[in-house]
Each structure stands twice: as C-alpha cells, then as structure tokens.
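Notes follow once the structure below has been shown.
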Amino acid sequence: MQDNHMSIGDTLGLGFMTFAFFLGAGNLIFPPFAGMLAGDNMPLAMLGFLITAVGLPLVGLIAVAKAQGKVMAMLPVFAATTLAIAIYIIIGPAFAAPRTGLVAYEIGAKPFIDNTTATFLLGNLELNLSQLLYTLCFFAVTMLLALFPGKLLDSVGKVLTPILLILLVGLAASVIFLPASEVGQAMGDYQKHPLTKGILEGYNTMDTLASLMFGMLIIDILRKKGISEPSAQTRYLIRAAFIAAAGLAFVYVSLFFLGATAGDIAIGAKNGGEILTNYVTREFGDLGSVLLSTVVTLACLTTAVGLVSACSEFFNELMPKLSYRFLVIFLSVICAVIANVGLTQLIAISIPVLMTIYPVAIALVVVTFLTAYFANPQFAHRAVLSVALLFGIFDGLKVAASSLTGADGQAVNGMAQGFIHIVDGMSPVLSILPLYEEGMAWLLPTVATIALCLVFGRGRGQVAAA
C-alpha cells in the first residue's frame, strides 16, 4: 500500500470492518420482532426501519467524512462537548456496549448452559451466576482486542467479518427457502402507522449515534494506515460506508422476513432473539443452534470492540491524563457491571433516552450537509439542534411515562404517578403537534427551522449579490 492509496483488498477489509462494527446486538434482535408485529404491513415497516437503521448511519458516516470528523464545530464548545459526551456514554458504557454482551449471552450462550437460574447475593443484589461469568469473559476478550486498535482492520475486517458474512448468508438463504409459515396479520401500532413505527424501531439499533463515533474511529485507523490526505480519507470512508450499508440492508431484510413468517414459533416471544433462536432450532436442530451462537457472538464481539475503542479514543482526547489503555480497561469493566442489569431492563431504560437524543443526532447530520447553504451556519446549527432537542425531550417524556405504567394501568409507584401526572398535563397542548402521537413531534418543527434558516440565508445571499 502506497501513501494515500489502499488496495481493493484493504478497502473491502475497511468496509467489512465498518459493517462488523455496526452489526451488533440490536441489529439482530429488533428486526425479527418488528417483522412479526408488522405482518402484512411488513414492506412499509421495513422501509421505515431501513431509513433509520441503514440510511441515516450511511449518511452519518458521509457527514463525518465531509466534515473531517468535526461535525460539532459550529456549536459552542460547552454544548458540543456535552452532546459528544452524552452520545459516547449512551452508545458506549451506558447502553449499547453492555447490550452486546447480554445479547451474546442470551442467544449465543444460554441455550448451551444447563443451569441458567443459579444466583448469588452480592450485598443486596441478586446476580445470575452464568450471566455474570459470561459477561466477564466477553468483556475481557473485548478489552484485549480493543487494546491494540492498530490491528483492528486486520483482525476484524479481514478475519472475523468474512466468517460472519458466510454464516449470515446461510441464515438468510434458509429464511427465504424455508419460511416457517405464511405472513401474519399486523399488530399494534403497525396496523395504523407501519412506516412511522418502523422508523422509531430503527432508533433502537443506535446506529446513527454510532456512525458519528465510528466515522472518527475509521479516520484515525486510516491515518495509521498511511492515508494522511483528507480527500483520500473522505473517499475511503465513503466507500466503507456503502459496503457497510449494503451488508446491513441484506441482514435486516432477511430478519424482517423471518419475523413476518415466524408463525407459531413466535408465540410467547418477548424479543426478536427468541424468534431467531426458535426458528434456527426448529429448522436446523443442534447444528443450527451452534451456527446461530457463532453468528451472534461474532457480531456482538466486533461491535463491542468498536464501541469500547471509540469511547476510549474520545475520552483520551478529552482527558489526556487518562491513557487509552486505562480507559479501555475501565470502560470494559463498567460494561461488564452494567450488563448484569439484564437485557429487558436495559432496553426499557434506553428507549426514552434514545427518543430524546436521536432527533438531535439526525438534525446534526442534516445540517452538516447543508452548512454551505446557510448564510449564518453557526446560528443555523445551534437553532436547529436546539429545536430538535426541545421537541425530542417531549417525545422522550411521553415514552418514559408510558414505561412507568404497570400491566394493570397504574403507575409502578408514587413518584412515577407524579411524573405521569406532569406528562399528562402537557399532553393536551403537545397533542396538537403533528406526529406527536406517533412519537415524532420533533420532525416538523425541526424541518421548519431548517427551512427558515435556508430561506434567511438565501435572502442574505441575494442581497450580497445585488
């Protein structure tokens, strides 16, 4: 490889590595469940899911390349730092990274463990023994791989990912030629709003947030590979983004189809992981279980490595006194601890947070592309992101209030009842907003703010020209 030039093999390796970073826990458990609920409305639901789980991450990577990693340069230093920290914590040790270990345990290990109910007390905490041991081992391996980031392209892009792709192609082929049943009926919100519901379901993958992290990580890897010219970095990052997007779309379409044709094997399933496990076990028996275990473990491991590496790089730059290696070890330990909260609880906690922060991330990607068209880019960036955050908070509060309501329709405790009462008090006013009921109250106000900034900019440009 010459300076600022990569061979076709290295470019494919970079694309495979990018794909592997994205393909983790949520990417495997959410599409089958969404497909099952969408039923005969699967095409629209799948389109919505692909918009936020493939399209936006692709655009996010390109935005990072376009801005040379400085997508928050137009924001005040404090605001940019706060937003960056929030995104890195959410996508790293708080939610996404621990979830990779949990999904790897639930699908990749639990079916092969004889006793998964054994617990022990640690103070006032009751911990699952097998889950604790597995997550400790999982994040120990993650830590070892993340400690040597210069070898990520070789170890992940050229070794693990091709194996993962072969396994996923085999699973996709079986889904197409051996469907469990006919496509079922749409359920819940997928009956009336399949497109919107699919878009919101795509939030759960957290891939748009991850794209802002992975883009900067890939640029750093390119530098270490001798690609120092900004234009060359942009070119290879965009190529990697398209390779990753193609791989993700292939996986999501097949998993959506699996869920929509799940039939009886989906009865009683609480998440897409159970549907996936039931299908593979029924069609392929023990061999299929081993295959699925391998796919899930590799997918989750590669994502965990990418997340821990990116978070460690970020906090090392923010706080140089903390070395990269120390941060890798520290964050790996934190991930192992949080993973033992449990998968269901972790997903439930993360949804309101994602409903709040995702609109900001989407708005950030959009204004990055439109920067050259704003007469006052700094003002436009700040105004648009402020509006997205404000209305995103409303969407997040609504979801949080709903999650605090028990199966009997009552609040889980007195404090929760007070919170729900506050949100209910705001609902009559907020419900006049378009798409509020669908959970996307932020969209039209944010688009309107962008339009105003563009029109204002056009007017200034015309005055200047005159």
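The values are calculated or read from the model by the stated rules, or taken from the named source; none is laboratory data. Model, not experiment: these values are computed from the prediction. In this analysis, Cβ positions are derived from the backbone assuming ideal geometry, glycine residues included, and neighbour counts consider all displayed protein chains. The accessibility values were calculated without ligands, DNA or RNA, using every heavy atom of the protein model including side chains. Shrake-Rupley method; radii C 1.70, N 1.55, O 1.52, S 1.80 Å.
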So the check is Cβ under 8 Å with 6+ separation or different chains; which pairs have a first residue in segment 386-397 that's more than 16 Å from ALA86 (Cα to Cα) and a second one that's β-branched (Val, Ile, Thr)?
VAL387/THR446; VAL387/THR449; PHE391/THR446; ASP395/THR356; LEU397/VAL423
Tell me, yes or no, whether segment 236-246 has at least one residue that is at pLDDT 85 or above, among the charged types (D, E, K, R) and either under 14 Å from ASP10 (Cβ atoms) or more than 22 Å from the chain's Cα centre (by Cα) (or both).
yes
Is it true that PHE214 is open to solvent by 10 Å² or more (accessible area, probe 1.4 Å) and of a type in the set (Phe, Trp, Tyr)?
no
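Condition check ((1) more than 16 Å from PHE22 (Cα to Cα); (2) in contact with a strand residue (DSSP E or B) (Cβ under 7 Å, 6 or more places away or on another chain); (3) in a helix (DSSP H, G or I); (4) of a type in the set (D, E, K, R)) across all residues:
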site: GLY184; (1), (2), (3), (4): yes, no, no, no
site: PHE214; (1), (2), (3), (4): no, no, yes, no
site: LEU217; (1), (2), (3), (4): no, no, yes, no
site: ASP220; (1), (2), (3), (4): yes, no, yes, yes
site: ALA232; (1), (2), (3), (4): yes, no, yes, no
site: VAL253; (1), (2), (3), (4): no, no, yes, no
Restricting attention to segment 347-367, which residues are open to solvent by 10 Å² or more (accessible area, probe 1.4 Å) and either touching a Lys or Arg at 6+ places or on another chain (Cβ under 9 Å) or not in a helix (DSSP H, G or I) (or both)?
ILE347, PRO352, MET355
Before we move on, is SER254 buried (at least 19 other Cβ atoms within 10 Å of the Cβ) and of a type outside the set (A, V, I, L, M, F, W, C)?
yes
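Just checking, does segment 75-98 include any residue being open to solvent by 60 Å² or more (accessible area, probe 1.4 Å) and over 26 Å from GLY306 (Cβ atoms)?
Yes, that holds for at least one residue.
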Consider only pairs whose beta carbons are under 8 Å apart and that are at least six residues apart or on different chains; among these, list those whose first residue lies in segment 362-385 and is within 18 Å of MET216 (Cβ to Cβ) and whose second residue is part of a helix (DSSP H, G or I) and open to solvent by 60 Å² or more (accessible area, probe 1.4 Å).
THR368/LYS66; PHE369/LYS66
So which helices (runs of 4 or more DSSP H) stay within segment 10-114 end to end and still have 2 or more residues that are without any contact (Cβ under 8 Å) to a residue 60 or more places away in the chain?
77-89
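Evaluate the following for MET206: is it at pLDDT 80 or above, surrounded by fewer than 21 Cβ atoms within 10 Å (Cβ to Cβ) and not hydroxyl-bearing (Ser, Thr, Tyr)?
Against the criterion (at pLDDT 80 or above, surrounded by fewer than 21 Cβ atoms within 10 Å (Cβ to Cβ) and not hydroxyl-bearing (Ser, Thr, Tyr)), MET206 does not qualify.
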Say we look at segment 119-131 and pick out the residues that are open to solvent by 30 Å² or more (accessible area, probe 1.4 Å) and outside any strand (DSSP E or B); which of these is modelled with the highest pLDDT?
LEU129
Within segment 34-55, can one find any residue that is open to solvent by 20 Å² or more (accessible area, probe 1.4 Å) and either at positive phi or of a type in the set (Val, Ile, Thr) (or both)?
yes
Quick one: which of ALA375, ALA383 is modelled with pLDDT under 90, farther than 23 Å from TYR88 by Cβ and out of contact with any Asp or Glu (no Cβ under 8 Å at 6 or more places or on another chain)?
ALA375
